[in-house]
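Reviewing the structure listed below.
Bear in mind that the values in this text are calculations on the coordinates, not laboratory data. These numbers come from a predicted model, not from an experiment. Positions of Cβ are generated from backbone atoms using ideal geometry, with glycine treated the same way; all protein chains shown enter the neighbour counts.
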Amino acid sequence: MKQLPKQVARYLRRNQTEAEKILWRALRNRKLAGKKFLRQHPIQFKYDNRRRFFVADFFCHETMLIIEVDGGIHEKQKDYDVLREHILNFLGFRIIRFKNEAIQNNLEKVLNNIVKYLQEHLSLSS
């Protein structure tokens, strides 16, 4: 059965990892650098005359930044992640990744890295 982007995104929002929950609490309601982030947001595109999509863990439309939270599954799908990142970069998105453990063990450092990235790559003034 074909899955629709909104259905997949809703499922992922209801079934967040602990690290995603922690990061979401820090990003939601413009808490970080005044930027609006969405969680489990479908990124749709057309390839080979077919509509396709990826679901970004966290997405800031204003800066075209995607934040990915990598758990154990990502060790098994490295090739897929590389291809996905290449396609998203081609479409104009920027992606930064953090491991679950980094978020759970040192959230402040993760948040500082996101702000630093925004300042360096996206001309954010703070």
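Of note:
- Among residues of the range 53-69 that are on the phi > 0 side of the Ramachandran plot, those with a Cβ under 6 angstrom from a residue that is assigned to a loop (DSSP other than H, G, I, E, B), sequence gap 6+ or separate chain, pair up as Met64/Gly92; Met64/Phe93.
- The single condition among (1) farther than 22 Å from Tyr117 by Cβ; (2) surrounded by 14 or more Cβ atoms within 10 Å (Cβ to Cβ); (3) of a type in the set (A, V, I, L, M) that Val55 does not meet is (1).
- Applying the criterion of being among the polar types (S, T, N, Q) and closer than 14 Å to Leu91 by Cα to the residues of the range 29-70, the residue that is farthest from the chain's Cα centre (by Cα) is Gln44.
- Annotation for the range 74-88: no member residue is outside any helix (DSSP H, G or I) and buried (at least 17 other Cβ atoms within 10 Å of the Cβ).
- Of all residues making up the range 10-40, the number that are crowded, with 16+ Cβ neighbours inside 10 Å and of a type outside the set (A, V, I, L, M): 8
- Pair list, Cβ under 6 Å, 6 or more apart: the range 10-22 residue within 20 Å of Glu101 (Cβ to Cβ) and in contact (Cβ under 8 Å) with a residue 24 or more places away in the chain, other residue in a loop (DSSP other than H, G, I, E, B) and small (Gly, Ala, Ser): Thr17/Gly71
- Considered as a group, the residues in the range 103-118 that are assigned to a helix (DSSP H, G or I) and free of Cβ contacts under 8 Å to residues at least 24 places away in the same chain include one that is nearest to Ala19 (Cα to Cα), and that residue is Asn105.
- Within the range 41-52, being surrounded by fewer than 16 Cβ atoms within 10 Å (Cβ to Cβ) and either at positive phi or in contact with a strand residue (DSSP E or B) (Cβ under 8 Å, 6 or more places away or on another chain) (or both) holds for Gln44, Phe45, Lys46, Asp48, Asn49, Arg51, Arg52.
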